Every structure is written in structure tokens, then in C-alpha cells.
1. Would you kindly find the accessible area of K22, with a 1.4 Å probe and non-protein molecules such as ligands, DNA and RNA excluded, rounding to the nearest 10 Å²?
2. Considering all projection directions equally, how large on average is the shadow of the alpha-carbon convex hull of segment 55-138, in square nanometres?
3. In the full protein assembly as shown, how much of V143 is accessible to a 1.4 Å probe, in Å² to the nearest 10?
4. For segment 41-146, what does the relative contact order come out to in percent, with C-alpha contacts under 8 Å and a separation of six or more?
5. At 1.4 Å probe size, put M72, M87 in order of accessible surface, largest to smallest.
6. Which lysines have a Cα less than 26 Å from the Cα of K126, not counting those fewer than 8 places away in the same chain?
7. As a test question: what accessible area, to the nearest 10 Å², does E91 have when a 1.4 Å probe is rolled over all protein chains in place?
8. For A119 and R150 in the same chain, what is the full-extension length gain: residue separation times 0.36 nm, less their Cα-Cα distance, in nm?
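The values are calculated or read from the model by the stated rules, or taken from the named source; none is laboratory data. Because the structure is predicted, anything quoted here is derived from the model rather than measured. Surface accessibility is based on the protein's heavy atoms, side chains included, excluding ligands, DNA and RNA. Shrake-Rupley method; radii C 1.70, N 1.55, O 1.52, S 1.80 Å.
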Amino acid sequence: MASSTIMDPARTQTVRFNVGGKHFETARTLIEQYSDTVLARLISERWDGDDPGRDVFIDRDGDLFSLVLNYMRYGSITLPATLPLDMFTRELDFYGIHPAEGSISLDCHLHARVSENHAKIVASEKRLRRRQVCEGIRSLAHVCANKYVRESCDLGGRSLPVIVLIDDEHSLIDAALLCRSEYKEEFQNYLLELDLCLEKIKTGGGGRSLVIAVKGIPVHSLRRRPSSFF
């Protein structure tokens, strides 16, 4: 004859928590296993009150609380790579739970993938930014060429420099960037494609504007150099 087991009704009862607006229900026995914690004291006080079925409200992060419950259930946990370890241990400390050494680990594989994807995004943004800067440099070279055609004059076969002032409001490129050697060289290359050479370039207006002097290249000394970008 098979023996029957009579379960203590108290052991099957559950407790409900409202943590930061998120609702949880778990076995009372789980909380009682951690008798020295804040949660155990809270349900003890609630159980002895007038309304034992009422949710216990805790003004904490509900998403983190779900991880706290999982830690209590299994005695260990693997945290997602997006969650800082100190944030989770701070929650455990608030509830009075002292984790055993080695019981908390991070999803290293996911963390590695997140880091790798982040590096790819950063590299892609840098390439896009560089392409945008180069497009701005090319456009600025054409602005200089158009102004040179309109305003230049030849005196004795000599082409005078033409000053091009680009203020911050209408600038095609950040003034400080164009003064960097790598971008300045590209600008010179684009000007050469337009039969111009760079006489002078400097920032003005507290770094918010560009003063550029360009000069036409005499026909007998024209030497074109292709851009290294396109």
C-alpha cells in the first residue's frame, strides 16, 4: 500500500511583492530560507498583520529584483553582460543577502560579442565621419575655385591670390579639422585638381571661421595630383 504524504499548508502558500511597480509572486518557503534578510522580515511582519494577502511594496528596481529572486532560488546566477556586477551586488546588499564566493558570474561570451559589435560600430562611425569630412573638403575646394574664377585677375601673367572667408554658419567643414595636416593635405590635392594651389589657411573668429588664400597655377607648371581618397 502506497504511503501518502500530507503537506503542511503553510509551505504551499505564496507571497506577493510589488517592486517598483512590477509584481512578483513566489513561495513563502523560498524567502524563509533566507531568514536573516530584509525580505524575510517583511513577509513576517506582513504575515502577522491584518491583510496577509496584500502585496509587499518595495521601492527598488523590479528588473533587478527578478534576478535577486533567481539567485535565491538557485544559489548562483549568471548576469547578462549589459548589467554591471556592482549594480547587482548592491541590490543583494540592500536585501541583506550575502553571496558566496564564485556564485555570481558574467556572461563572458555575450560580453565579448557586445564589445566586438561596439568596436565595429565605432569603426564604422569613424569611416562615415571621415567620408563626410572628405566630401566637405572637396566641396570647399570647389567653393574656392568658383570664387577664384569670379574675382581673380592676371597681371603680367601672374595670378593673384584670392581670399576666401568661410564663417562657421556657412562652413562646409569644421574649421579646426581643415587645419589638421592630414585633411589639409587632402584639401591641397583637391585644389590641384582644379588648377589651384593653397597659399594660406588659418582659422579666425575664435576658431569658428576659415581664411583661405588660393592662387591659380600657371599653365606651364600645371601638375595634377589625384586625390588619395577617391
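1. Here the residue's solvent-accessible area equals roughly 90 Å².
2. On the way: hull surface 33.6 nm².
Average of the hull's projected areas for segment 55-138 equals 8.4 nm².
3. 60
4. Details: 42 pairs, mean separation 22.1, N = 106.
It rounds to 21 percent for segment 41-146.
5. Numbers: M72 5, M87 70 Å².
Sorted by accessible area, descending: M87, M72.
6. K184, K202
7. Probe radius 1.4 Å; accessible area of E91 about 10 Å².
8. Values: separation 31, 0.36 × 31 = 11.16 nm, distance 4.69 nm.
Roughly 6.5 nm would be gained on extension.
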